[in-house]
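Remarks on the structure that follows.
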Amino acid sequence: MPAIFHYISQHARGERLPPAEMAASLVLVLLIAVTVRAVLFRSSLAEIIAERVEVVSPLNGWKRVVEGLALLDLGVSPYSGDVFHETPLMIYLFHFVIDYSEIVFMIADAITAVALYLAVQDYNKIVYRKQKYTLEAGRYPLDVAELLRTPKEMMYIPIKVAVFYLLNPFTVLSCVAKSTCGLNNAVTALFILCTIKGSALLSAIFLALATYQSLYPFTLFAPALLYQLQRLYIPISVHSPRFWIFTSQYGSMYLGSLVVITCLSFFLLSSWDFVTSVYGFILSVPDLTPNIGLFWYFFAEMFEHFRPFFICVFQINVVFYTIPLSVKLKEHPIFLMFMQIAVISIFKSYPTVGDISLYMAFLPLWHHLYRFLRNIFLVSIVLIACSVLFPVLWHLWIYAGSANSNFYYAITLAFNVGQILLVSDYFYAYLRREHHLIHGLYLKKKDGTEETLILK
Amino acid sequence: MGLLSDPNRRRALTNLVTRLNTPLCVMCYIVGITWFLGLAFEPFTLRTYMSENAMGSTMVEEKFVYGDRALSYSREFSGHRKKVGGLPVDWLGKTMKSRGLEVYKQTFSRTLPFPDESKERYMVKGTNVYGILRAPRAPRTESILLSATCSEGSNNNQAVGLLLALASYFRGQIYWAKDIIFLVNEHDLIGMEAWLEAYHDVNMTGIQSSPMQGRAGAIQAAVSLELSSDVITSFDVVVEGLNGQLPNLDLVNLFYAFCQKIGMLCTIQGKLQRNDWDTLPGYSHSLNTMLLMVLKQSSGRPQGDHGLFLRYHVEAVTLRGINSFRQYKFDMSTVGKLIEGMFRKLNNLLERFHQSYFFYLLPSLTRFVSIGYYMPAFSFLILILMLRALDLWVQLSNTPRVQDDEEQDPGPSMLSLATPIFICHLTGLALYFLPILSQDMATQHFPVSETEAVVFTAIAIYVAGLALPHNTHRALSGNGTECGWKFETLISSVPCCAPWLYSAD
């Protein structure tokens, strides 16, 4: 026990950057990110990127926003003609800032990065405090000293998260293509920030906004709720009345905000068109433009007779993992949130690379799990190779005519398998570290020989 | 999930990879090379066959007998050409018009990046002349194309003559379902590219050309003719196009089918077929043919005018007449019959060629090797990189846990690792962009010509690159050197072996 204290205090005396320097490095990163985006906006690559199907989808393409605005200016409902699938709040936002659209998207990326930075900073403090209390209570076995997290290691995580988000090629591509995915990410990041800071009302409002934008974030209700309960020391059991009181409070705030925003949209455009155009579109997947998701190829080949059944199956697949994961990870709501965002990005009906960059920004948070990751090499190669092969096979299919949709879907499948492997690898590493924290790092069988852990 | 999750099996596999790494790599190399060389062996190849349904039977009697008319046209053409000193635009236009085609002209000009060797001129100017034979009762949405180039000197006259004779013969037939375009282009590839860009309304190479006035719909297939003698002994088919792109194999099969029907000798890579595949000379002949094709594809140069069509998704081949010292000669009427037969078959196409292979190697005209058979050979060679990368990865992940008591070497920092990679990429970028960009400045300040400027800049960057290991070694000095070098090798080999994972199925 004294050895562990000695180890921790030794590292705690290590250097700590003053907040001003951390803020300066964040500003530097923001400047670099803005420069990269500005350079790309001014080059000829901007039009090429804006047309790539991996970066824009029928839901969030910039051409469609412009089309909807043009229809709105003509006095016609922007949802007529099945081109425009954004929410009314988004139209009105762009109605006012259409001349500065590039700046808006760069600001959205900056907001996401800063929100994630602040959120992760707070979260790290909470994690470290909890670890300190557990250490003082003596609940860690003796040999887990190297698994414990130190302030020195956790100091650079917020800036790494900001860098991972801003300088991720996927994010840059998404911003240069002016895909509204960047704005959705900003709202989600603000929701995460408010949840971690503990403000239930703001968190509910931002979650309602995120749900209003793209429907699937409603599954993030569970991790947000679990985090708030944990923060207020309310026990998570069905018998506790405080649990039900808080759940109903939070739930009613969320549903109330959602209803308010939806009614506001109704009054903005004086019609309920947007419900079928936005949510009906997301749920019923009528547009089968190829993208990096799993829906398009499947439904291109489906007979009409079976379509509703398979739509239900695929959509349930997105939300299905929430409850089992919540049960397993109820003590670790932020990891649950990471996994939930990843599941949404992989299984949603029209994913783009902008969605992927949001959950990849979280990876520096789990840097301490590196020693338990088993397949990180394979996963990185699969993801990089598939990202390179997407445009190649698109060219071969559409322009050269030598390949066909099977080739492109093969790459899509491989890419998604790689992502799923990444997420499940981190899940395994997380659970394994928790297991070691309870049972000790070097496991010995009863006769003293070394034991190995096998995941069955 | 066995292999990826079971630690016992993983350990067994990683031990296998690390212990047997070098033997495995050597074996992969040998297997890859042997596989590729074995592809030319006839029992390992497949016989060619027509995949397109519309190209089914050849129950048509070809009736082209106007070979001497073709020859007289060719003599007129060569006479007018000598008089004008280039393409005789007016005579050609008048002749085509009198044969009943819609005639259009297209002028083009292009500034060359380097001056022409022989004339020290920068600008290439020319005219393309093309005539469209409208199909009598068809919607004008599809067409097939026959072209003959008017190159420097006095070759290819007979091709233009045959083109005109065929045009007048085709005009009298009623069975055409697609329009036929007869194109005579000047300056070989430059003229052809100008025509294609104007036809498809794109501008990829910066050629200035007059707007195209007459179009005939989407071109389904194209044949380019090269004939420089009155009689030929064999007909050669040329398939390699720009950047090694190949036409659909069905077009080659079509050519071969008609050669068989007419009884003409046909060659590929200038070589005749042999029957003795089980002897060493026979095998080396096929291997030679196949490797010549690989070499020509790798050069990236289009071997005939047809090579430029392939980018626009138009299947095209070049047919080259060869006059060698063989006894039996074929006259123009036979060649005309062959082309008439091919065009009648192409007339039957319902959609573009897409059924047969786009990626293949031809050890002979009747045998082919598709990508599914030659790609595994290449995959074995890439597998070596993958094995080395895995080996390095396993070594890197095993080393840090060795010492506990002594002071651990601080591992290489991200900055010191990124610097050599960054410098290498910068050198590559410099090599790609600098020679062209600095061409103007170099010729102003130094007494060199443009070509020499480019070459010298490239040599200068190479020489600077020779100092690279010394600089990066200094940057990466310190204890983390060995670990750092392993990491470097890993990162460099990963991008090379990544595409192997998805070689085309």
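For residue B:425 and residue B:29, calculate 0.36 nm times their separation in residues minus their Cα-Cα distance, and state this gained length in nm to one decimal. Mind dumping the intermediate values first?
Working: separation 396, 0.36 × 396 = 142.56 nm, distance 2.79 nm.
Separation in residues times 0.36 nm, less the Cα-Cα distance, equals 139.8 nm.
Using a Förster distance of 41 Å, how high is the FRET efficiency between residue B:175 and residue A:83, based on the Cβ-Cβ distance and rounded to 0.05? Don't skip to the answer; put the middle values down first.
Numbers: r = 45 Å, r/R0 = 1.10.
Here the calculated transfer efficiency is 0.35.
Using a simple charge model, +1 on the beta-carbon of Lys and Arg, -1 on the beta-carbon of Asp and Glu, nothing else, what dipole does the protein assembly as shown show about its Cα centre, in debye to the nearest 20? Write out the running numbers ahead of the final one.
Details: 74 positive and 72 negative charges, 185 e Å.
The calculated dipole for the protein assembly as shown is roughly 900 debye.
Obtain the nm distance between the two label points defined at residue A:399 and residue A:150 by a simple spin-label model: each point lies 7 Å from its Cα along the Cα-to-C-beta direction.
In this crude spin-label approximation the distance works out to 5.2 nm.
Could you tell me the center-to-center distance, by alpha carbons, between the stretch A:198-234 and the stretch B:183-253 in angstrom?
63 Å
Of A:102, B:197, which has the most accessible area and how do the rest follow, probe 1.4 Å? Display every interim value, and only then the final one.
Values: A:102 50, B:197 5 Å².
Most to least solvent-accessible, the answer reads A:102, B:197.
Counting only protein heavy atoms and a 1.4 Å probe, tell me what percentage of the stretch A:280-435's accessible area is made up of carbon and sulfur. List each step's numbers first, then the result.
On the way: 4160 of 5780 Å².
Carbon and sulfur atoms account for 72 percent of the accessible area of the stretch A:280-435.
Please give the charge dipole size of the stretch B:1-109, origin at the Cα centre, charges +1 on K and R Cβ atoms and -1 on D and E Cβ atoms. Round to the nearest 20 debye.
On the way: 15 positive and 9 negative charges, 92 e Å.
My answer is approximately 440 debye.
Using the heavy atoms of the protein chains alone and a 1.4 angstrom probe, what is the accessible area of the protein assembly as shown per residue in square angstrom? Write out the running numbers ahead of the final one.
Details: 45670 Å² over 961 residues.
About 48 Å² of surface per residue is accessible.
Can you give the translational diffusion coefficient of the stretch A:188-337 in µm²/s, computed by Stokes-Einstein from the Kirkwood radius over Cα pairs at 37 °C and 0.692 mPa s?
After rounding, the answer is 190 µm²/s.
Which residue, chosen from A:126, A:290, B:199, occupies the Cα position most advanced towards the positive end of the dipole of the protein assembly as shown, where the dipole is computed from +1 (Lys, Arg) and -1 (Asp, Glu) charges on Cβ about the Cα centre?
Selected residue: A:126.
Over what distance in Å are the Cα centres of the stretch A:125-147 and the stretch A:19-92 separated?
44 Å
Taking the stretch B:182-314 on its own, what percent of its Cα-Cα pair distances exceed 19 Å?
Details: 5179 of 8778 pairs.
Taking all Cα-Cα pairs of the stretch B:182-314, the fraction more than 19 Å apart is 59 percent.
Counting only Cα atoms, I'd like the Rg/Rh figure for the stretch A:276-427, Kirkwood definition for Rh. Walk me through the numbers before you get to the answer.
Details: Rg = 16.8 Å, Rh = 16.9 Å.
So for the stretch A:276-427, dividing Rg by the Kirkwood Rh gives 1.00.
Answer with one residue from B:364, B:425, B:461: the one whose Cα lies farthest towards the positive end of the charge dipole of chain B, charges on Cβ with Lys, Arg +1 and Asp, Glu -1.
Selected residue: B:364.
Compute the length gained on full extension between residue B:284 and residue B:204: take 0.36 nm times their separation in residues and subtract their Cα-Cα distance, giving the result in nm to one decimal.
Working: separation 80, 0.36 × 80 = 28.80 nm, distance 4.12 nm.
This chain segment gains 24.7 nm when fully extended.
Taking a probe of 1.4 angstrom, what is the accessible area of residue A:136 in Å², to the nearest 10?
The accessible area comes out at roughly 110 Å².
In whole Å, what are the extents of chain B along the principal axes defined by its C-alpha atoms, from largest to smallest?
97, 61, 46
Put a dot 7 Å past each Cα toward the Cβ at residue B:114 and residue A:328; how far apart are the dots in nm?
Taking the two extended label points, one gets 6.3 nm.
Just to confirm a number: summing +1 for Lys and Arg and -1 for Asp and Glu over residues other than residue A:95 whose beta-carbon lies under 14 angstrom from that of residue A:95, what do you get?
Working: positive: none; negative: A:67, A:73, A:86, A:99.
Cβ neighbours under 14 Å give a net charge of -4.
Counting C-alpha atoms alone, how compact is the stretch A:241-309: give Rg to one decimal and Dmax as a whole number, in angstrom.
18.1, 51
So, taking all protein chains as they sit and a 1.4 Å probe, how much accessible area belongs to residue A:82, in Å² rounded to tens?
My reading of the accessible area for residue A:82 is about 90 Å².
Measuring from label point to label point, each 7 Å out along Cα→Cβ, what is the residue B:325 to residue B:464 span in nm?
5.5 nm
In whole percent, and with a 1.4 Å probe on the protein chains, what portion of the accessible area of chain B is carbon and sulfur? The partial results should precede the final answer.
Details: 15010 of 25100 Å².
The C+S portion of the solvent-accessible surface of chain B is 60 percent.
Distance between the C-alpha centers of the stretch A:394-432 and the stretch A:262-302? Whole Å please.
24 Å
Let me confirm one metric for peptide A:396-404, namely the mean number of other chain beta-carbon atoms within 10 Å of its residues' beta-carbons. Write out the running numbers ahead of the final one.
Values: counts 3, 0, 1, 3, 5, 7, 10, 3, 1.
Per residue, the number of nearby Cβ atoms from other chains is 4 on average.
Cα axis of helix B:450-466 to longest principal axis of chain B: angle in degrees, 0 to 90, nearest 10?
Approximately 20 degrees, to the nearest ten.
Please report, to two decimal places, log10 I(q)/I(0) for chain A at q = 0.07, 0.11, 0.14 Å⁻¹ as given by the Debye formula with identical point scatterers on the Cα atoms and no solvent.
Log10 I(q)/I(0), no solvent term: -0.39, -0.95, -1.50.
Out of every Cα pair in the stretch B:8-110, what percent are spaced more than 19 Å from each other?
Numbers: 3984 of 5253 pairs.
Distances greater than 19 Å cover 76 percent of the Cα pairs.
Output the peptides B:429-440, A:169-180, A:148-159 sorted from most to least packed, where packing is the average of other Cβ atoms within 10 Å over each peptide's residues.
Values: B:429-440: 14.2, A:169-180: 24.3, A:148-159: 17.6.
By packing density, highest mean first, the sequence is A:169-180, A:148-159, B:429-440.
Is there a pair in A:132/A:330; B:63/B:105; B:63/B:97; B:125/B:178 whose C-alpha atoms are over 27 Å apart, and which pairs would that be? Walk me through the numbers on the way to the answer.
Numbers: A:132/A:330 20 Å; B:63/B:105 31 Å; B:63/B:97 23 Å; B:125/B:178 32 Å.
Beyond 27 Å: B:63/B:105; B:125/B:178.
Take A:197, B:178 and sort them by solvent-accessible surface of the protein heavy atoms, 1.4 Å probe, largest at the top.
Numbers: A:197 100, B:178 5 Å².
Highest to lowest solvent-accessible surface, that is A:197, B:178.
Am I reading the A/B interface right? What is its buried accessible area, both sides, 1.4 Å probe, to the nearest 100 Å²?
Details: alone 21590 and 26110 Å², together 45670 Å².
For A against B, buried area totals roughly 2000 Å².
Can you give the accessible area of residue B:287, probe radius 1.4 Å, in Å² rounded to 10?
Around 30 Å² of this residue is reachable by solvent.
Based on the alpha carbon coordinates of the protein assembly as shown, what radius of gyration and maximum Cα-Cα distance (Dmax) apply, in Å?
34.3, 107
The values are calculated or read from the model by the stated rules, or taken from the named source; none is laboratory data. No experiment lies behind these values; they were computed from the predicted model shown. Glycine also receives a Cβ, built like all others from the backbone with ideal geometry; neighbour counts cover every protein chain displayed. What goes into the accessible areas is simple: the full protein's heavy atoms, side chains included, and nothing from ligands, DNA or RNA. Shrake-Rupley method; radii C 1.70, N 1.55, O 1.52, S 1.80 Å.
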